[in-house]
Amino acid sequence: MTTPTTSQSAAPAVKALVLLLALVVLLNYVDRGTFNITAPLIKDQLHLSATEIGILMSAFFWSYVPAQIVTGWMTERYSTALVLGAGLTLWAVATACLGLSGGFFSFLCLRLLLGVGESVAFPCSSKLLAQYVPQDQLGRANGLIGVGMALGPGCGTLLGGLLMAQQGWRSVFVFFGLVSLLWLVPWLRVTRNIARLDSAPATGGRPVATIATISTIPTIPTMLQLLHCRDLWGACLGHFCANYAFYFIIAWLPLYLVKERGMSIESMAQLGGVIYATYAVSAYCGGLVTDRLIHAGVSVNRVRKGFIIASLSGIAFCLMLVGLGDATVSMAGLLLVGLAMGMGMPNIYAASQTIAGPPTAGKWMGIQNSVANIAGVVVPLVTGRLIDLSGHFQWAFIVAALVALVGITGHALVLRKVTRLDWDLELRRPLAG
């Protein structure tokens, strides 16, 4: 198996590429969460019902989930850099236009458009990381992506809240939309530098295909053939269950802390910030440790699977502590759950990038992230129902913990081995099992 490598002179361009991918994921989470921050004021000023607010919150995922499959296909047909840049432009404009909206229908259309635009982030970033980053650096690179995922909600809440208090809710959308567009300036420069890697040799003397040549790589396997791959569904199961816990914390943590534990808004914001910061540090450190283990000779399969299983086990344990413990135990569980989530996230992505390989990583992640983000639709419905039935959050935390345990089977049992698939051999299997 060959792995991407870069010359010493090309390394700065690749580092800049990874940093910009982490930044685009941060902007992705800031912009998608802006509506949640401003929803209380929008509800009052535009006289929307709670049902309408709920529809607008979930509408993002209605388009985001299926569009990822299309985006994954596009990364195999067109320049990945252009697909990512076009997607960011679409979602940034949609975000800014939300600040000009005047009613439910216009909000609904723009939230759907936002989901389409944001669908490019993970398929494109996975494609580019698989294309340019060596195996023993994939953990660190995906760890930086995890930092973006963790800091996005925190930065959006902090900056959006301050701006909304001074200028009103419309300014929040316009500000974040315009700021996101600024990302295109360094992106155009970095991708021009990356294009010079066309002739950089990979291990074994083979050229590394890059943004400029990506469209010439044969599309093997097809989307339908990928859907018959057992390893893909194992990765999808594990990722969905990890996302269930992640979206559960993002969506319900403020309400839980204020209503169930009686915290003030200020205390809730501070604790939430600590949890997100813990997630960010854990994601980067987890990626760094896995890279060093692989560089030291530990098998990729053992490292990636081990960290994912440990992460899901830790998530389940911590959520159980929150659901069943007293106030002190619950707070400890919440602080530790960020640590558990962070250590697994880089490896969920790095494992799939390794298995799929550079030519197929975008399409693979399009399918995987589409399935995983169904959690964004399911979590609000299941959690809300459980709270309504019981009057408390206890069962919601227990169910989230049990889902995490189910996710272990995806990477431990269904996914066979974290290693580059030989697609010539794989496609000869009747059901790739």
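Applying the set (1) free of Cβ contacts under 8 Å to residues at least 24 places away in the same chain; (2) closer than 16 Å to residue 405 by Cβ to residue 323 leaves exactly one unmet item: (1). Considered as a group, the residues in the range 297-322 that are surrounded by fewer than 19 Cβ atoms within 10 Å (Cβ to Cβ) and within 23 Å of residue 135 (Cα to Cα) include one that is modelled with the lowest pLDDT, and that residue is 297.
The residues of the range 212-229 that are within 22 Å of the chain's Cα centre (by Cα) and either modelled with pLDDT under 50 or part of a helix (DSSP H, G or I) (or both), listed by number, are 223, 226.
If you go through the range 362-395 and keep only what is crowded, with 18+ Cβ neighbours inside 10 Å and more than 25 Å from residue 115 (Cβ to Cβ), you end up with 386, 387, 393. Annotation note: of 337, 382, 418, the sole residue that is in contact (Cβ under 8 Å) with a residue 60 or more places away in the chain and in a helix (DSSP H, G or I) is 337. Enumerate the pairs (first residue in the range 56-77 and modelled with pLDDT of 90 or more and of a type in the set (Phe, Trp, Tyr); second residue anywhere and surrounded by 22 or more Cβ atoms within 10 Å (Cβ to Cβ) and not in a helix (DSSP H, G or I)) with beta-carbon separation below 9 Å, excluding pairs fewer than 6 apart on the same chain, so at least 6 apart or on different chains. Final answer for the pair search is 64/119; 64/373.
No other residue among 39, 67 is over 18 Å from the mean Cα position of the chain (by Cα) and within 28 Å of residue 279 (Cβ to Cβ) apart from 39. Of all residues in the range 281-297, those that are more than 23 Å from residue 152 (Cβ to Cβ) and in contact (Cβ under 8 Å) with a residue 12 or more places away in the chain have Cβ atoms under 6 Å from Cβ atoms of residues that are of a type in the set (A, V, I, L, M, F, W, C) and buried (at least 17 other Cβ atoms within 10 Å of the Cβ), 6 or more apart or on another chain, in 294/300; 294/303. Checked against the criterion of being in a helix (DSSP H, G or I) and touching a Pro at 6+ places or on another chain (Cβ under 7 Å), the candidates 75, 89 yield just one match: 75. Taking the range 38-48 as the region of interest, how many residues are over 18 Å from residue 109 (Cβ atoms) and modelled with pLDDT of 75 or more? Within the range 38-48, residues that are over 18 Å from residue 109 (Cβ atoms) and modelled with pLDDT of 75 or more number 5.
Could you tell me whether any residue of the range 96-105 is under 20 Å from residue 368 (Cβ atoms) and either in contact with a Gly (Cβ under 6 Å, 6 or more places away or on another chain) or part of a helix (DSSP H, G or I) (or both)? Please lay out each step first, then the result.
Initial filter on the range 96-105 (under 20 Å from residue 368 (Cβ atoms)): none.
Checked the range 96-105: no residue is under 20 Å from residue 368 (Cβ atoms) and either in contact with a Gly (Cβ under 6 Å, 6 or more places away or on another chain) or part of a helix (DSSP H, G or I) (or both).
Going by the conditions given, is residue 367 part of a helix (DSSP H, G or I), among the aliphatic types (A, V, I, L, M), in contact with a Lys or Arg (Cβ under 7 Å, 6 or more places away or on another chain) and modelled with pLDDT under 95? Criteria not met by residue 367.
Please determine, by comparing only the residues of the range 4-35 that are over 24 Å from the mean Cα position of the chain (by Cα) and not small (Gly, Ala, Ser), which one is modelled with the highest pLDDT.
So the first thing to find is which residues in the range 4-35 are over 24 Å from the mean Cα position of the chain (by Cα), and the list is 5-12.
Among the residues that remain, those that are also not small (Gly, Ala, Ser) are: 5-6, 8, 12.
Working: 5: 46, 6: 47, 8: 51, 12: 78.
Per the criteria, the residue is 12.
Considering each residue of the range 135-151 in turn, none proves to be farther than 22 Å from residue 376 by Cβ, at pLDDT below 90, outside any helix (DSSP H, G or I) and not aliphatic (A, V, I, L, M). The residues of the range 131-152 that are polar (S, T, N, Q) and buried (at least 24 other Cβ atoms within 10 Å of the Cβ), listed by number, are 131, 137, 142.
Within the range 407-433, the residues that satisfy the criterion of being surrounded by fewer than 16 Cβ atoms within 10 Å (Cβ to Cβ), modelled with pLDDT of 80 or more and of a type in the set (A, V, I, L, M, F, W, C) are 412, 413.
Residue 180 fulfils the conditions (1) modelled with pLDDT under 90; (2) hydroxyl-bearing (Ser, Thr, Tyr); (3) crowded, with 19+ Cβ neighbours inside 10 Å except for a single criterion, (1).
The values are calculated or read from the model by the stated rules, or taken from the named source; none is laboratory data. Fair warning: this is a prediction, and the values are worked out from it, not measured in the lab. When we count neighbours, we look across all protein chains shown, and the Cβ atoms used for this are built from the backbone with ideal geometry, even at glycine.
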